[in-house]
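Read the structure below first, then the notes.
What follows is calculated from the coordinates using simple rules that are stated; it is not laboratory data. In this text, all values refer to a predicted model and were calculated from it rather than measured experimentally. With ideal geometry, Cβ positions are generated from the backbone for all residues, glycine too; neighbour counts draw on all protein chains shown.
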Amino acid sequence: MPSNDWLHTIPADLYDQLAHCLSLHGMACAELLSRPQETQLLQLMALTGLNTIRVAELNTIADHDQLLQALEQQPHHLYNLMLLGRLSLETSLAAPVLRYVQQQMHIDAAQLQQLKIYCLELSGAFLALLEEHLPATPSLGLHRLQVEEAFGQYVALHPGPEPTAATIRFTEPQLQMMRLALLLVHSLPEAGEHPFLQAVAELATLRPVALEPMIERLGTLEPAEDFAVTMPELVQLYQAMQVCGMVFVSEVLEKVGLGSVFPTVPTDERAASAGATEPSGRQAVGEIVSGFTRWVQYTFPQEPALQQARQQVLALADAL
């Protein structure tokens with residue numbers, strides 16, 4: 001019989017240290033095993049000896065004594081729960097769990113990320129502790145590699161939803177401008193013949209059917225409310241704002257019927273009103289558009305999808 005003497009060396013506050021970590025990893029593992037049981041998932045379950053019932057049992061650990069009991073009676077199951085939970089948390093498969101935790105704890109995206117990083121650090125140390133003390137044939141290290149390989153195969157076939165790229169809080173003017181930009185771009189196909197309009201129609205992200213889900217989301221958004229977007233969604237907003245900005249400084253504005261709403265300010269009037277506190281309509285639009293696009297470019301300078309989007313936008317300028 002293997003010795004459990006090492007359990008007596010565990011600090012009395014171990015559960016207190018691991019409570020959030022156990023909970024988060026347990027939920028992530030439960031979420032994974034509740035998915036449709038296809039071949040790759042069944043392989044993971046066979047490798048780990050875990051199923052939804054066993055995970056639910058381990059997820060009832062609520063104090064130090066129960067943690068010690070689990071380590072004494074089913075340490076390998078606890079090890080595998082932490083391992084699968086950890087692997088899931090490092091992918092988008094755990095997105096539903098993270099959304100739930102964020103809502104329940106009333107924390108923002110940055111705090112959620114900090115919590116996840118903290119829990120992953122703890123689980124890494126906990127797994128290392130178990131690998132040091134638990135006897136296994138073959139070694140737990142080899143077992144871990146087998147589980148990680150099987151998990152990788154599962155993820156390759158089930159990539160899950162796009163992860164959140166950014167969480168934005170729009171001011172009232174910014175939100176109104178974003179809605180205007182999307183509605184404007186949505187209406188461009190009906191605005192008549194123009195090389196610029198034809199070029200915009202070639203961009204899949206800016207076609208009406210692609211814009212409608214985002215228009216609907218923004219329609220219910222309140223100013224200063226957290227607005228989580230994936231990278232494809234951020235690319236869509238970026239391009240829509242850029243196109244909107246181009247429309248407002250070109251003859252296309254007349255074609256879409258907004259020329260009278262946002263008239264061009266004559267040069268002499270522009271000079272006379274240079275000291276005015278209220279910018280013109282077109283100037284206000286330009287400031288919001290440039291502010292948003294600069295923020296995107298500054299925040300994601302190396303993002304390939306945004307670099308490609310920027311090149312596409314630059315190509316549109318040639319059609320004006």
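Segment residue 176..residue 111, full-extension length gain: 20.6 nm, with 0.36 nm per residue of separation and the alpha-carbon distance subtracted.
Once the chain from residue 228 to residue 7 is taken as fully extended at 0.36 nm per residue, the excess over their C-alpha distance is 75.2 nm. Amide H contacts for residue 230 (H built 1.01 Å from N in the peptide plane; partners 5 or more residues away or on another chain; cut-off under 5 Å): 165. The angle separating the long axis of helix 39-48 from the principal Cα axis of greatest extent in the chain is about 40 degrees. Provide, for q = 0.08, 0.15, 0.18, 0.20 Å⁻¹, the log10 of I(q)/I(0) from a solvent-free Debye sum over equal Cα point scatterers in the stretch 5-157. Log10 I(q)/I(0), no solvent term: -0.21, -0.77, -1.12, -1.37. What do you get for the angle between helix 304-317 and the principal long axis of the chain? Use alpha-carbon atoms, 0 to 90 degrees, nearest ten. Roughly 10 degrees between the two axes. Potential lengthening of the chain between residue 318 and residue 37 amounts to 96.0 nm, from the contour at 0.36 nm per residue minus the alpha-carbon distance. Mean separation of Cα pairs under 8 Å and 6 or more residues apart, divided by the residue count, gives the chain a relative contact order of 17 percent. Over the stretch 196-246, the Kirkwood radius and the radius of gyration, each from Cα atoms, give a ratio Rg/Rh of 0.99. Between the residues 15, 117, 156, the greatest Cα displacement towards the positive end of the dipole of the chain, with unit charges on the Cβ of Lys, Arg, Asp and Glu, is found for 156. Rounded to the nearest 20 debye, the dipole size of the stretch 5-157 about its Cα centre is 480 debye, using +1 on the Cβ of Lys and Arg and -1 on the Cβ of Asp and Glu. When restricted to Cα atoms, the chain yields an Rg and a Dmax of 26.9, 94 Å, respectively. When +1 charges are put on Lys and Arg Cβ atoms and -1 charges on Asp and Glu Cβ atoms, the dipole computed for the chain relative to its Cα centre reaches about 420 debye. In sequence order, the stretch 198-209 has phi-based couplings of 5, 5, 4, 5, 7, 7, 4, 5, 10, 6, x, 5 Hz under the Karplus curve 6.51 cos²θ - 1.76 cosθ + 1.60, θ = phi - 60°, and Gly or Pro positions carry x.
Applying 1/(1 + (r/R0)^6) with R0 = 30 Å to the Cβ-Cβ distance of residue 299 and residue 190, what FRET efficiency is obtained, to the nearest 0.05? For R0 = 30 Å, the calculated efficiency reads 0.35. Taking the chain as a Gaussian network of alpha-carbon nodes connected by springs under 10 Å, the highest mean-square fluctuation of the residues 139, 123, 92 belongs to 139. Compute the signed sum of charges (Lys and Arg +1, Asp and Glu -1) over the other residues within less than 9 Å, Cβ to Cβ, of residue 169. Net charge in that neighbourhood comes out at -2.
For the chain, 29, 244 stand unpaired, since no other cysteine beta carbon lies under 4.7 Å from theirs. Against the main long axis of the alpha-carbon atoms of the chain, helix 64-73 sits at an angle near 60°.
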